[in-house]
Amino acid sequence: MKIILACIAATMCFMASAAEKSVAGPGSPERLIPAPSHIEMKEGVFSLPETDAAYYIKGETKDGLADYMEKSGLELSPAGKASEADILISIGPKELKGAATQGHADEAYLLEITPRQIKVKAGTETGAFYAVQTLLQMTVDGQTRQLQCCRISDAPRFGYRGLHFDVSRHFRSKEFLLKQMDAMALLKLNKMHLHLTDGAGWRIEIEQYPRLTEFAAWRPYGKWTDWAADPVYCERTDPEASGGYYTKDDIREILEYARSRHIEVIPEIEMPGHSEEVMAAYPELSCSGEPYKNSDFCPGKEETFTFLENVLTEVMELFPSEYVHIGGDEASKSGWKTCPDCKRRMQEEGLEDVDELQSYLIHRIEEFVNSKGKKIIGWDEILQGGLAPNATVMSWRGTEGGIKALKSGHDVIMTPSGFCYLDYTQDAPFKEPESIGGYVPLAKTYSYEPVEDGMTEDEASHLLGVQGNLWAEYITQDSHAEYMYYPRAFAIAETGWSPAGKKDYDGFRERALALCDMLQGMGYRTFDLRTEYGDRKESQAPLEHLAKGCKVTYNIRYADQYPAGGESALTDGVCGGWTYGDRKWQGFFSDADVTVDLGDVKPIHYVGATFMNVTGAWVHIPQKMEVYVSEDGVNFSLLGTAWQDISDKQNFIFFKQYSVICNTKARYIRVYAQRATRPGACLFIDELVVN
Ligand code: ACM
Ligand code: ZN
């Protein structure tokens with residue numbers, strides 16, 4: 001440790017540069033993400049030597065903390081004795097005495113930076129590891145050696161702080177996962193959810209079922225979008241084969257890397273739906289018994305349970321996680337209604353419907369997993385037909401499922417898609433890579449508060465935490481995946497770690513800018529917050545026009561799922577943003593046909609409406625929009641037709657205004673929009689504008 005001779009001068013210099021910037025400069029604890037529970041600023045600066053900075057650990061370690069620190073950007077080497085260390089780490093059950101640990105003493109730490117030494121105290125190696133992460137962020141991965149003196153007392157709000165990796169839709173290399181674990185550690189994220197199986201490819205070696213990795217892990221199309229149009233698999237040896245899987249040794253390497261970063265890797269094996277690849281490799285597990293017919297396992301057949309239990313046994317032997325995620329989402333159940341095996345099972349077990357049949361499968365699997373000393377997590381669809389007794393629910397279709405599960409005493413992880421789906425576009429779709437749609441900018445992810453009003457203390461105690469999910473249908477490249485994770489994973493981390501009720505988006509954004517710069521310096525690709533466009537301009541201020549506030553009669557009613565503002569939505573002056581999920585767009589699963597009453601006969605020169613196109617979600621601009629006018633509400637004449645004059649396939653997400661320019665008088669205006677011919681196509685309109 002070196003005594004700082006220029007301490008006072010350095011402090012003044014530091015303070016001056018910090019004051020000039022909107023975010024505290026390198027070396028300051030005020031730039032940290034997630035924000036620590038408590039920071040006390042102190043006078044002075046500690047100077048970490050450029051070379052031969054030394055650490056000393058008092059207490060027991062088993063997960064490689066010393067090795068981690070030596071290889072980290074801090075470039076530390078062991079000190080001979082505690083008094084010679086620049087960073088003195090004390091680990092033991094009594095070290096956190098008196099500290100507020102928010103019920104998570106195993107991850108808590110105290111960090112005291114004095115002009116003479118950095119002192120870390122933690123109850124466990126994990127807490128000490130997080131103190132090191134704090135130092136890595138403060139020093140910008142070791143590049144800034146001048147550290148603001150302070151005392152940080154820190155502990156997480158939630159024990160579960162996760163990121164999800166969809167390695168099925170596009171396979172990701174082991175190296176990619178290891179790299180993301182470094183970023184996760186920096187953010188104090190502690191759960192890596194690996195979505196290992198899905199229709200697009202099976203991604204883990206299972207010794208008893210070699211066809212899963214000889215065949216079901218390979219596609220003749222690299223891009224998911226090409227494959228989705230012709231969803232077939234091929235042999236691994238096929239020259240066109242694209243895909244991959246993790247061998248058991250790969251998984252062991254991933255797990256070892258995770259262990260030394262205090263990350264629990266949670267494997268997901270999907271059932272009963274999203275299982276086209278298994279049905280292609282082992283068709284006897286489907287209702288039809290034929291490949292390429294069913295996407296779900298047949299819960300009527302005992303072979304299904306034998307397969308699932310054998311697979312889960314191999315998976316549970318490999319992963320030390322206390323959890324195995326069993327999927328459970330979006331099963332079509334379509335083959336079950338007519339399958340003789342499923343019908344027999346329902347009769348024998350007294351099951352009323354296919355939801356109860358799914359519940360039967362999940363219950364049985366839970367019992368098996370529990371018998372091995374582990375617990376299941378499932379997407380919120382596992383509530384359908386009755387929740388398995390010990391299941392943890394991952395709530396993705398909003399928070400309703402999660403809240404229902406909390407009320408029945410179940411553990412819950414919140415991943416509501418409107419906040420936590422990182423595959424949704426994070427900025428204006430016209431400037432972003434092709435995506436699944438939606439609109440979840442950083443501010444939206446950051447605004448998420450998991451503990452909702454009215455939740456009891458007991459319910460909240462079952463809320464384990466939060467997770468950001470990145471489905472990868474449209475994400476072929478690793479760099480694109482990173483771009484989608486960062487900085488929104490920062491917001492997940494802060495929601496999961498930092499104390500409730502202290503959020504300030506402007507301050508967070510400044511910290512996020514600094515952390516993006518840091519990650520970029522470390523070789524990550526991040527979204528450029530500095531060039532963020534923001535929500536659709538039209539959606540940001542009310543629109544004034546002649547029909548605003550006028551009554552609308554629905555000749556065809558809107559879809560109940562997408563009412564926007566209901567009967568007043570089309571004339572309320574509120575225009576939609578980048579996603580129909582913002583509840584400003586009114587949806588029709590049919591043609592749209594409405595009549596507006598202006599109240600009096602008035603001169604009109606313009607009738608128009610904007611429609612949304614999201615090809616991947618079956619949202620299409622109409623084939624045409626016809627405008628009729630009437631003075632009496634009985635006799636209408638056609639004023640004009642606006643035609644679809646651009647391809648709805650060229651651009652994935654776009655908006656098109658249909659309008660008729662005129663010079664007439666009318667009281668009633670009828671607008672008819674004919675939906676696209678694609679089966680299932682729907683229409684979304686934000687406002688019907690008359691001038
Ligand atoms: C999901 O997004 N289908 C869980
Ligand atoms: Zn069946």
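Every number in this text was worked out from the coordinates using simple rules, so none of it is lab data. What you see is a predicted model; the values in this text were computed from it and never measured. Here the Cβ positions follow ideal geometry from the backbone for every residue, glycine too, while neighbour counts run over all protein chains shown.
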For this session: Please work out how much length the chain gains when fully extended from Glu70 to Tyr505, using 0.36 nm per residue of separation minus the C-alpha to C-alpha distance, in nm with one decimal.
Result: 153.1 nm
Problem set entry | Normalised contact order of the range 54-145, rounded percent, pairs of Cα under 8 Å and 6 or more residues apart | 30
For this session: On a C-alpha basis, how far is the centre of the range 307-367 from the centre of the range 452-473 in Å? Whole number, if you could?
Result: 24
Exercise. With a 10 Å Cβ neighbour count serving as the proxy for reagent exposure, in which order, fewest first, do Trp202, Trp643 appear?
Worked result: Trp643, Trp202
Exercise. Based on the Cβ-Cβ distance from Arg252 to Gln477, what FRET efficiency comes out when R0 is 25 Å, to the nearest 0.05?
Worked result: 0.40
Problem set entry | 5 angstrom amide H check on Ala53, placed H, neighbours 5+ away | Ser77
Exercise. Which distance in Å, rounded to a whole number, links the C-alpha centroids of the range 120-198 and the range 199-240?
Worked result: 32
Problem set entry | Protection-proxy order for peptides 360-366, 676-682, 51-57, each taking the mean of Cβ atoms within 10 Å per residue, highest first | 360-366, 51-57, 676-682
Seminar exercise, completed: Hull volume per residue for the chain, using the convex hull of the C-alpha atoms, in Å³ is 175
Problem set entry | FRET efficiency, 1/(1 + (r/R0)^6) with R0 51 Å, evaluated for Val601 and Ala460 via beta carbons | 0.30
Exercise. In straight Cα distance, which lysines are under 19 Å from Lys656, not counting same-chain residues fewer than 8 positions off?
Worked result: Lys431, Lys537, Lys584, Lys624
Exercise. What per residue convex hull volume, in Å³, do the alpha-carbon atoms of the range 501-561 yield?
Worked result: 220
For this session: Please say if the range 296-363 is rounded, prolate or oblate, where rounded means a/c under 1.5 for a ≥ b ≥ c the square roots of the C-alpha gyration tensor eigenvalues, and otherwise the choice is prolate for a/b larger than b/c and oblate otherwise?
Result: prolate
Exercise. Relative to the present Cα-Cα distance, how much length would full extension add between Ala228 and Glu330 at 0.36 nm per residue of separation?
Worked result: 35.1 nm
Exercise. Could you give me the ³J(HN,Hα) list for the range 313-329, computed from phi with Karplus coefficients 6.51, -1.76, 1.60 and θ = phi - 60°, whole Hz, x at Gly and Pro?
Worked result: 4, 5, 5, 5, 5, 7, 8, x, 3, 6, 10, 10, 8, 10, x, x, 8
For this session: Give me the distance in nm between label points sitting 7 Å out from Cα along the Cα-to-Cβ direction at Asp528 and Arg583, one decimal.
Result: 3.5
Seminar exercise, completed: Non-local residues with an amide H under 5 Å from the amide H of Gly44, with H modelled 1.01 Å from N and Pro and chain starts lacking one, are Cys149
For this session: Could you grab the relative contact order for the chain? Cα pairs under 8 Å, six or more apart, rounded to a whole percent.
Result: 10
For this session: Compute the Cα gyration tensor for the range 567-619, then decide on rounded, prolate or oblate, letting a ≥ b ≥ c be the square roots of its eigenvalues: rounded whenever a/c is under 1.5, prolate when a/b is larger than b/c in the other cases, and oblate in all that remain.
Result: prolate
Exercise. Using alpha carbons only, what's the Rg to Rh ratio of the range 429-479 with Rh from Kirkwood?
Worked result: 1.12
Problem set entry | Alpha-carbon Debye profile of the range 461-510, log10 I(q)/I(0) at 0.26, 0.30 Å⁻¹ | -1.02, -1.16
Exercise. Calculated FRET efficiency, Lys372 and Glu631, Cβ-Cβ r, R0 60 Å, to nearest 0.05?
Worked result: 0.20
Seminar exercise, completed: Unit-weight point scatterers at every alpha-carbon of the range 623-670, Debye formula, q = 0.14, 0.18, 0.30, 0.31 1/Å: log10 I(q)/I(0) is -0.45, -0.62, -1.13, -1.17
Exercise. Taking the range 576-691 on its own, what percent of its Cα-Cα pair distances exceed 21 Å?
Worked result: 36
For this session: May I ask for log10 I(q)/I(0) of the range 180-265 at q = 0.11 Å⁻¹, from a Debye sum over the Cα atoms as equal point scatterers with solvent left out?
Result: -0.39
Exercise. Principal axis lengths of the range 398-473 from Cα atoms, whole Å, largest first?
Worked result: 44, 23, 15
Exercise. Which whole-Hz ³J(HN,Hα) couplings does the range 447-458 yield from phi under the Karplus relation 6.51 cos²θ - 1.76 cosθ + 1.60, θ = phi - 60°, glycine and proline marked x?
Worked result: 6, 5, 10, x, 8, 7, 4, x, 6, 6, 4, 5
Exercise. Once Rh is set to the Kirkwood radius over Cα pairs, what Stokes-Einstein translational diffusion coefficient, in µm²/s, holds for the range 466-596 at a temperature of 20 °C and a viscosity of 1.002 mPa s?
Worked result: 118
For this session: Return the sequence-ordered ³J(HN,Hα) values of the range 615-622 in whole Hz as given by the Karplus equation 6.51 cos²θ - 1.76 cosθ + 1.60 applied to θ = phi - 60°, using x for Gly and Pro.
Result: 3, x, 10, 6, 9, 10, 5, x
Exercise. Looking at the square roots a ≥ b ≥ c of the eigenvalues of the Cα gyration tensor of the range 333-465, which shape do they give, rounded for a/c under 1.5, prolate if a/b is larger than b/c, or oblate?
Worked result: oblate
Exercise. Mean separation of Cα pairs under 8 Å and 6+ residues apart, divided by the residue count of the range 505-624: what relative contact order is that in percent?
Worked result: 22
Seminar exercise, completed: Going through Lys97/Lys502; Lys58/Lys374; Lys191/Lys374 one by one, the pairs whose alpha carbons sit over 22 Å apart turn out to be Lys97/Lys502; Lys58/Lys374
Problem set entry | Extension gain from Tyr292 to Asp517, taking 0.36 nm per residue of separation minus the Cα-Cα distance | 76.3 nm
